[in-house]
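The values are calculated or read from the model by the stated rules, or taken from the named source; none is laboratory data. From a predicted model like this one, the values you see are computed outputs, not experimental measurements. Virtual Cβ from ideal backbone geometry, glycine too; neighbours counted across all protein chains shown.
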Amino acid sequence: MNTPRFNYHGVWAIYQFEIARTLRTLLQSIATPVITTSLYFVVFGSAIGSRMSNIDGVPYGAFIVPGLMMLAVLTESISNSSFAIYLPKFTGTIYELLSAPVSPFEVVLAYVGAATTKSVVLGLLILATASMFVPLQILHPWWMLSFLVLTALSFCLFGFVIGIWANGWEQLQFIPMLVVTPLTFLGGTFYSISMLPPMWQKLALFNPVVYLISGFRWSFNGRADVAIEISLAFIAGFFLLCLAMVWWIFRSGYRLKA
């Protein structure tokens with residue numbers, strides 16, 4: 001019995017198509033998040049930051065950089081991958097994809113790989129933009145890059161699941177806009193949870209985004225609200241959970257073959 005060969009051409013074709021779609025909508029895909037983040041720096045970093053003291057010895061403008069990067073990467077990762085797989089469902093071309101000589105693993109690799117590439121590039125562009133507003137120091141650059149890639153990859157997988165689950169444009173936007181974005185704002189994007197009253201500090205630990213921002217912030221300035229081991233365990237666990245969900249979807253054909 002012959003072992004199925006990896007379809008490099010199929011994966012590369014889907015990957016190129018998704019990257020080309022981003023290039024055609026460059027203003028919406030890249031420029032808009034970067035400009036929006038720049039406005040955050042102007043408002044929070046310059047206007048408010050100039051009136052605030054340092055947080056844990058870090059200037060406020062530099063302190064909010066990891067949180068703003070996470071805010072953009074989380075929302076864009078989910079949006080990019082969910083829209084990428086939802087569009088073939090909406091147009092009916094999903095059946096051509098399912099009947100093509102590409103395995104479920106190759107389909108996920110292509111779509112999630114393209115979305116992850118876009119999210120990582122966006123995160124690095126925001127980092128470059130931030131460096132023009134505030135002096136930045138990255139104590140652990142490799143950890144920073146690892147956190148960025150793993151977070152983007154995990155939430156692109158999550159977005160892939162949402163794109164398959166969604167039955168309409170409203171459902172497609174529901175979780176990114178009404179769940180993930182508020183959790184990110186409440187997860188320490190603009191402040192340290194140690195600044196909260198004791199009761200609210202305990203409640204904040206139930207917010208999963210706290211662990212992402214805390215670990216990512218540690219890679220910049222060596223300070224974190226949560227132990228770095230816990231942050232790594234959380235993002236690794238979420239990644240494995242999303243993988244399991246994608247595996248179950250293709251195994252069961254949930255909302256793919258109906």
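Among the residues of region 81-98, just one is outside any helix (DSSP H, G or I) and either on the phi > 0 side of the Ramachandran plot or touching a Phe, Trp or Tyr at 6+ places or on another chain (Cβ under 7 Å) (or both), namely GLY92. Spot the failing condition for THR116; the list is (1) touching a Lys or Arg at 6+ places or on another chain (Cβ under 8 Å); (2) buried (at least 20 other Cβ atoms within 10 Å of the Cβ), and only one is missed. Here THR116 meets the rest and fails (1). Of the residues making up region 98-145, those that are of a type in the set (Val, Ile, Thr), under 17 Å from GLU18 (Cβ atoms) and at pLDDT 90 or above are VAL107, VAL108, VAL112, THR116, THR117, VAL120, VAL121. If you go through region 167-201 and pick out every residue that is within 16 Å of the chain's Cα centre (by Cα), polar (S, T, N, Q) and farther than 30 Å from ILE94 by Cα, you end up with 2. Close contacts from region 51-80, counting a first residue that is over 23 Å from THR151 (Cα atoms) and touching a residue at least 60 places away in the same chain (Cβ under 8 Å) and a second that is crowded, with 20+ Cβ neighbours inside 10 Å and hydrophobic (A, V, I, L, M, F, W, C), with Cβ to Cβ under 8 Å and a gap of 6+ residues or different chains, come to ILE55/PHE63; ASP56/PHE63. Sort out which residues of region 88-103 are under 19 Å from ALA166 (Cα atoms) and either aromatic (Phe, Trp, Tyr) or surrounded by 14 or more Cβ atoms within 10 Å (Cβ to Cβ) (or both), and write them in order of number. PRO88, LYS89, PHE90, ILE94, TYR95, LEU97, LEU98 - these are the residues of region 88-103 that are under 19 Å from ALA166 (Cα atoms) and either aromatic (Phe, Trp, Tyr) or surrounded by 14 or more Cβ atoms within 10 Å (Cβ to Cβ) (or both). Of the residues that make up region 179-191, is at least one of a type in the set (Phe, Trp, Tyr) and closer than 20 Å to VAL120 by Cβ? Looking through region 179-191, none of the residues is of a type in the set (Phe, Trp, Tyr) and closer than 20 Å to VAL120 by Cβ.
Specify which of the listed residues (PRO101, PRO66) is in contact with a helix residue (DSSP H, G or I) (Cβ under 7 Å, 6 or more places away or on another chain) and outside any helix (DSSP H, G or I). Just one listed residue meets the conditions, PRO101. Across region 1-57, the qualifying residues are those that are charged (D, E, K, R) and assigned to a helix (DSSP H, G or I), and the one among them that is modelled with the lowest pLDDT is ARG51.
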